[in-house]
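To start, the structure under review is shown below, and the notes come after it.
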Amino acid sequence: MQIAEEISKLKRERNAIILAHNFQVGEIQDIADFTGDSLELARKATEITSEVIVFCGVHFMAETAAILNPDKTILIPEADAGCPMADMITGDQLRELKAQHPGAIVLCYVNSTAEVKALSDCCVTSSNAVAIAASYPSDQKIIFVPDRHLGAYTAEQLKREFVLWPGFCPTHARFMVEQIQGARNRYPDAVIMVHPESPKPVRDGADQILSTGGMCRFALSSDKKVFIVGTEIGIIHRLKKENPDKTFIPLHDRAICPNMKKITLEKLLWSLKDMRIPVKVDEPIASQARKSIETMLERS
Ligand code: SF4
């Protein structure tokens, strides 16, 4: 039996659903029941009726699904698929930062551990950070963790100053303004889209600053034919699939998140076969983190 058929058969037997992030390898995106960005996946995780969710992404994403579905079995096919950005701030470091800024609201990017979410007032994603920050009074002090680039972008949009934690995504931090200039010279008619996790000079040189879900919606509705894609290259699989008549060129062809590529079809099959690797978030962290995710879903 072909591996894809075996996965489908086991999925039915286990009453499972497969969720995949936009940065997963193409064959995982193709076999998934739903592919999306962090916000789309978090929303989807609240609507699932299947008993088992196999999460093809990085660890914090599976944790988010576990926090939102405490009665379901959440599996991640690879234990080592972590997010370096999420690990750039610990609970103790956030406690210390909060003590330095009493009364401040803490917004945490969803790319964070359950403990950090539990210590925050509200989660945000790259697609809703600006709207959520804007929903707090303009004189409210805001601490933004862990991504300094998304935090700075959000503050710029609102003409406010945030207390920023110096975290970053190693994949997006590699983008350079010279790559934008090179793309403009080679493809003068292309639209340059970059993710807000990119450094400021890159954001300033781009035409559009969008989450990965935002890039998909923009490409679908745009009458342009060529797009330069300034995010992890896994998204190009979905963009091409949804827009077969358009051309998508990576801003940098080595913009690859190694952790997102750790999940393969074989590991997905083993995961369903052996019901591994379960992801569970203990109380009281789970309930406190749920509050900050639910606040995000209500405000976005
Ligand atoms: Fe983390 Fe960056 Fe990889 Fe996303 S692309 S999982 S933020 S390291």
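Just a few scattered comments:
- The chain, dipole about Cα centre (Lys/Arg Cβ +1, Asp/Glu Cβ -1), debye to the nearest 20: 400 debye
- Annotation: the residues CYS123, CYS169, sorted from fewest to most other C-beta atoms within 10 Å of their own C-beta, follow the order CYS169, CYS123.
- The chain: calculated mean residue ellipticity at 222 nm from DSSP helix runs of at least 4, using -39500 (n - 2.57): -12000 deg cm²/dmol
- The charge dipole of region 172-250, taken about its Cα centre with unit charges on the Cβ of Lys, Arg, Asp and Glu (plus for the first two, minus for the last two), comes to roughly 120 debye.
- Theoretical FRET efficiency, 1/(1+(r/R0)^6), r = Cβ-Cβ of LYS225 and ASP92, R0 45 Å, to 0.05: 0.35
- Distance (nanometres) between label positions extended 7 Å along Cα→Cβ at GLU242 and ARG217: 1.0 nm
- Gyration tensor verdict on the chain (Cα atoms; rounded if a/c is under 1.5, prolate if a/b is larger than b/c, oblate otherwise): oblate
- Charge dipole (debye, nearest 20) of region 210-300; +1 at Cβ of Lys and Arg, -1 at Cβ of Asp and Glu: 200 debye
- Simple label model, 7 Å out from Cα along Cβ direction - GLU6 to TYR187, nm: 3.8 nm
- Averaging the sequence gap over all C-alpha pairs within less than 8 Å and six or more residues apart, then dividing by the number of residues, gives the chain a relative contact order of 24 percent.
- Residue (of GLN181, ILE235, MET215) at the positive-pole extreme of region 172-250, dipole from beta-carbon charges: ILE235
- Put in order of Cβ neighbour count within 10 Å, fewest first, the listed residues TRP165, TRP270 become TRP270, TRP165.
- Overall form of region 60-174: prolate. Here a/c, set by the Cα gyration tensor axes a ≥ b ≥ c, is 1.5 or more, and a/b is the larger of a/b and b/c.
Values quoted throughout were computed directly from the atomic coordinates according to the rules given, and no laboratory measurement underlies them. Just so you know, these numbers come straight off a predicted model, no measurement behind them. Virtual Cβ from ideal backbone geometry, glycine too; neighbours counted across all protein chains shown.
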